[in-house]
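Heads up, the thing below is written out as structure tokens.
The values are calculated or read from the model by the stated rules, or taken from the named source; none is laboratory data. Note that the coordinates shown come from a computational prediction; the quantities given were computed from them, not determined experimentally. Reconstructed Cβ throughout: ideal geometry from the backbone, glycine too, with neighbour counts over all protein chains shown.
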């Protein structure tokens, strides 16, 4: 009989073993699934230790009401490490005085295993999800670059090159957030409140950040309000971080900044682009926290556009007002060199000199409605210069203004004014200065060397064909002629040293010479200056007229802040006016004496020298009493003999003194007595240990 033979059945022992293996495996899987569903509560402790080892920080998973138990904490491992805990706490680094770096209540965190491995090797921690009902973060950075958000081996972090990077969080939600931020390199100490929804959320909640902060930044008290599309792109510190829409309002002192645009990295302000408005009491105060040397000014408001990539700023000021001045600018600030550099141009249709006066130490113009300030005993600005700021950066800026108004004394502005400003290694220069006014012009150079303990100031300015009657306000009623007219020409070569404008002027050396060509002078002013009663009455009756000026010369020598005339005279066909004495810029005092010598006969004159004494803030004008008293006494004595004889001392026969010099002679005498041209700045440099005079 033929057929197939059936396989012998498996031994009962093997079948039982296989069932046990499959059953055990199924049980193990069920246990794993059960534990995963339960959240592995008994593994919270080991997870704490594992996270602590990975981050080189103490990590605690705690119940909300128990600082020693991990009750309530759940951990899941499928698809990465997911932690849910009533309280998650990540410790601060050893050098920090803070109790912790991060504390999250009602926290959920999800990390990939690859992120944990990279963090263990010192890379920024990459967190897939972080949620907290209440989150508190204490962020710190030291001068050496160590930061509390750096995890991994602390030795590796300290030796790592480049700026520290914050953890990356793909999805972040915080219902109630609190932040403290201390940054030694930025001189920042801030506290803030924040609410945010970060990333693409499952419930389609609109992502966004709303935050506020207060504290100090760059040495200034600050408050800030921020709205952004998210937080993590702002803190990413990577070149690949996307631009994030931002609205910021920041107040530092009395200065206020409003910005609307995009930012990629808020810590370094990389990828910043948008429109801004800045207002404040002074440009100088705004420049300090940015490390930019800006002039001290009055109150200002600037609107424009700003772009920053890496350490390169580009700023356009479409509309800027400083006091009553109207300006515009296109500037680039490059912080990449060892000494940062500012370049570009500043222009404007209208500039008031009073608005820029604070740059040399003067008080800014009083704000509208403000109580008047009682002037002090000194007139010259004595506020110390901020010389270190001149060494904080270099500059190469073209200045061009359509109209520069000099003040109420002047009828016409400088229109236009152009110059080239350079700042190099603490030496500020205004080269190729060119200005026009009243049919004339001004040219020259000015420099301020701030490399030493005191500033060294030099100037060489020339002016030519400036019409005095148009430049200086001299409006008179009844179409009377101006008190003085003609074309002003001259030159100033001066140098000084000091820590303020007053000190520089109080140490001036050099010369100042000016004269009037084709000039005329009011007859009334001449007779009034000479106290010629008869001719003064005659001029007032018949009306004033012009007297041709044969010579008008002012030649002053400056020596250690004291100005003395080598020649100071006005010669007309009617009279000569001579001035001598001195004017001290060191102590703001003056003692000047003016004598009028007539060229014609006058029957009634009290002619006597005129004195101007006192201080700049309190001048005293008087007549010399001795000559006047002698004439009065003689008139009284002769009046006792005959009333008409009393007029004899008041009769001035005029002068035909052979010693009267012509203008040419005066110029020749001044030329021979002139000091040598100002020494170079090298020759002016003080010896070691010298300071301001």
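Residue-by-condition table, conditions (1) over 26 Å from the mean Cα position of the chain (by Cα); (2) farther than 30 Å from residue 54 by Cα; (3) at pLDDT 80 or above; (4) loosely packed, with under 14 Cβ neighbours inside 10 Å:
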residue: 171; (1), (2), (3), (4): yes, no, no, no
residue: 174; (1), (2), (3), (4): yes, no, yes, no
residue: 190; (1), (2), (3), (4): no, no, yes, no
residue: 193; (1), (2), (3), (4): yes, no, yes, yes
residue: 199; (1), (2), (3), (4): yes, no, no, no
residue: 215; (1), (2), (3), (4): no, yes, yes, no
residue: 221; (1), (2), (3), (4): no, yes, yes, yes
residue: 231; (1), (2), (3), (4): yes, no, no, no
residue: 240; (1), (2), (3), (4): yes, no, no, yes
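When segment 333-359 is filtered for residues that are in a strand (DSSP E or B) and surrounded by 16 or more Cβ atoms within 10 Å (Cβ to Cβ), the ones remaining, listed by number, are 333, 334, 341, 342, 344, 346, 347, 348, 350, 351, 352. Reported count of residues in segment 420-451, each being surrounded by fewer than 17 Cβ atoms within 10 Å (Cβ to Cβ) and not in a strand (DSSP E or B), is 3. Looking across segment 571-586 at every residue that is in a strand (DSSP E or B) and surrounded by 20 or more Cβ atoms within 10 Å (Cβ to Cβ), the one that is modelled with the highest pLDDT is identified as 571. Inside segment 440-457, residues that are over 20 Å from residue 353 (Cα atoms) and either modelled with pLDDT of 90 or more or in contact with a strand residue (DSSP E or B) (Cβ under 7 Å, 6 or more places away or on another chain) (or both) make up a count of 6. So, of the residues in segment 275-303 that are buried (at least 18 other Cβ atoms within 10 Å of the Cβ) and in a strand (DSSP E or B), which turns out to be modelled with the lowest pLDDT? Among residues in segment 275-303 that are buried (at least 18 other Cβ atoms within 10 Å of the Cβ) and in a strand (DSSP E or B), the one modelled with the lowest pLDDT is 280.
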